[in-house]
Amino acid sequence: MVLLKRLGAHWLSMGVHLAGLAPLLYLGWAARQGIFWIDPTQHIMSITGKAALILLLLSLVSSPIRALTGWRVGGRAPMVLGMYATFYAGLHLAAFVGLDYRFDLQLLRSVLLDSPPVWAGIGAGLILLQLTVTSTQGWQRRLGKNWKRRHRMVYLAGALIVIYFWGVVKDSREPLGYAAILVLFLVLRLPLVRQAVSRLIWSRATSSSNVPD
C-alpha cells in the first residue's frame, strides 16, 4: 500500500512538472520551427499569459476536490503549480516590458496611464510573487494561522489575471470561460454548497453500489 502511494505521488509529481514545463517546451519548439516569427512578441505573451492563468487554476483544483470528497490531492502539487504560474507571469511581464515596449519608460508610462487592465495584471503578478515567497515551511511557521488566510489571496490573483486577459483581448468568450471556472471553485468553497454537493455525490455513490448485479 505504501509502495503504491509512493508510486502514485511520483507519477503525480512528474505530471505536475510536465504540465509546468510544457508551455516553455512549446515556445522553444515553435521558435526552432519558425512558427511565430511573424509576430513573436505577441505569441510569447499569449502563451506565457495563458500558461500562468491555466496553471493557477490547476493549482486550485485540489481545494474543491478535498472539500467535496475529503481526498487530499497531491500534497505539494498545488504549490508547485502555483510556482510555475508565477514563473510564467514573470516571463509575460518580461516580454511585455522588454520585447513589446523595448524598455521605453515613456511608452510604458503612457500605457500604464491609458490601460487600467494592465494594473490588474501587475497586481496579480505581485500577489503571486509574495505567495511564492511565503510558500516555504519556514514562512508557514512564521505566519501560523495567518498563512492560510494570506494564501487565499490566490483567488484574487486569479480574478485579476482574468480581468487583465479580458482587457487585452478582442474576444471576451475565452476570458469569461476562465472566470466561470474560478467562480465555480469559489462557490464550492462555501460551506452550504460544499455540504450539499458532497451529500449528493455520496448518495449517488451509495445508491449505485446498492444496485443488484
Next item on the list: Would you point out which residue out of G125, G98, G138 is assigned to a helix (DSSP H, G or I) and under 16 Å from the mean Cα position of the chain (by Cα)?
Entry: G125
Check: Hey, does region 103-110 have a residue that's polar (S, T, N, Q), in a loop (DSSP other than H, G, I, E, B) and surrounded by fewer than 13 Cβ atoms within 10 Å (Cβ to Cβ)?
Finding: no
Next item on the list: Name every residue in region 111-122 that is surrounded by 12 or more Cβ atoms within 10 Å (Cβ to Cβ) and part of a helix (DSSP H, G or I), in order of residue number.
Entry: V111, L112, P117, V118, W119, A120, G121, I122
Next item on the list: Scan (1) at pLDDT below 85; (2) touching a His at 6+ places or on another chain (Cβ under 7 Å); (3) not polar (S, T, N, Q) for the single condition R72 breaks and write down its number.
Entry: (2)
Notebook entry, point to check: Are any of the residues in region 121-132 small (G, A, S) and within 15 Å of M79 (Cβ to Cβ)?
Noted result: no
Next item on the list: Mind counting the residues in region 141-154 that are without any contact (Cβ under 8 Å) to a residue 12 or more places away in the chain and either assigned to a helix (DSSP H, G or I) or surrounded by 14 or more Cβ atoms within 10 Å (Cβ to Cβ) (or both)?
Entry: 6
Notebook entry, point to check: Across region 155-173, what is the total count of residues that are more than 14 Å from G121 (Cβ to Cβ) and either modelled with pLDDT of 90 or more or in a loop (DSSP other than H, G, I, E, B) (or both)?
Noted result: 4
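The values are calculated or read from the model by the stated rules, or taken from the named source; none is laboratory data. Just so it is clear, the model here is predicted, and its values are computed rather than measured. Glycine gets a Cβ as well: all are built from the backbone with ideal geometry, and neighbour counts include every protein chain shown.
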